[in-house]
Amino acid sequence: MRNKKKNEQRKGFLIKRTNEAEVIYLELVKELEGVIDIGKDRVTLTLLAQAINMVNACDEILNKTTDLKSCTIEIALRREAARTIIQLANRFGLSPKDRKLLEGDGNNNFINDEAGDDL
């Protein structure tokens, strides 16, 4: 019964999510509920969840190996997924700095974000 309901929710959806990406997607939806229009941003949120999932999967592989030369594909995939996360996270205001910019405060040109400066 539970799987049937899950399949009904995904019916007609353009991009399929893995189980791991689905968990991340649902957490993002919960975090952003009321802040954005989930219906309009469903595809973008799915891409963000998949990118986060890709970083997690690559980190698991990279943590298990000592020979990074054999993991060039995983390193490239992780780098590209991280780029995607940064681009999409800015859009949804997932950092304090971006959230402040999205709020539309007129004096937000120079926001001091100590945590973000270290990244």
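Checking Glu31, Glu22, Glu8 one by one, the residue that is at pLDDT 90 or above and among the charged types (D, E, K, R) is Glu22 and no other. Within the option set Leu68, Leu77, Leu62, being among the aliphatic types (A, V, I, L, M) and touching an Asp or Glu at 6+ places or on another chain (Cβ under 8 Å) holds for one residue only, Leu62. Cβ-Cβ distances below 7 Å connect the following pairs, each with a first residue in the range 26-52 that is hydroxyl-bearing (Ser, Thr, Tyr), a second residue that is not in a helix (DSSP H, G or I), and a separation of six or more residues or different chains: Thr46/Ile15; Thr46/Arg17. In this structure, does Ile36 turn out to be of a type in the set (A, V, I, L, M), at pLDDT below 85 and surrounded by 13 or more Cβ atoms within 10 Å (Cβ to Cβ)? When the stated conditions are applied, Ile36 passes them. Would it be correct to say that Ala89 is at pLDDT 85 or above and hydrophobic (A, V, I, L, M, F, W, C)? No, not satisfied.
Okay, residues lined up against (1) surrounded by 14 or more Cβ atoms within 10 Å (Cβ to Cβ); (2) more than 10 Å from the chain's Cα centre (by Cα); (3) among the basic types (Lys, Arg); (4) within 16 Å of Ala21 (Cα to Cα):
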| residue | (1), (2), (3), (4) |
| --- | --- |
| Glu60 | no, yes, no, yes |
| Thr65 | no, yes, no, no |
| Lys69 | no, yes, yes, no |
| Ala81 | yes, no, no, yes |
| Thr84 | yes, no, no, yes |
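The values are calculated or read from the model by the stated rules, or taken from the named source; none is laboratory data. Predicted model, so just to flag it, every value in this text is computed and none were measured. As a convention, Cβ positions derive from the backbone with ideal geometry for all residues, glycine included, and neighbour counts pool all protein chains shown.
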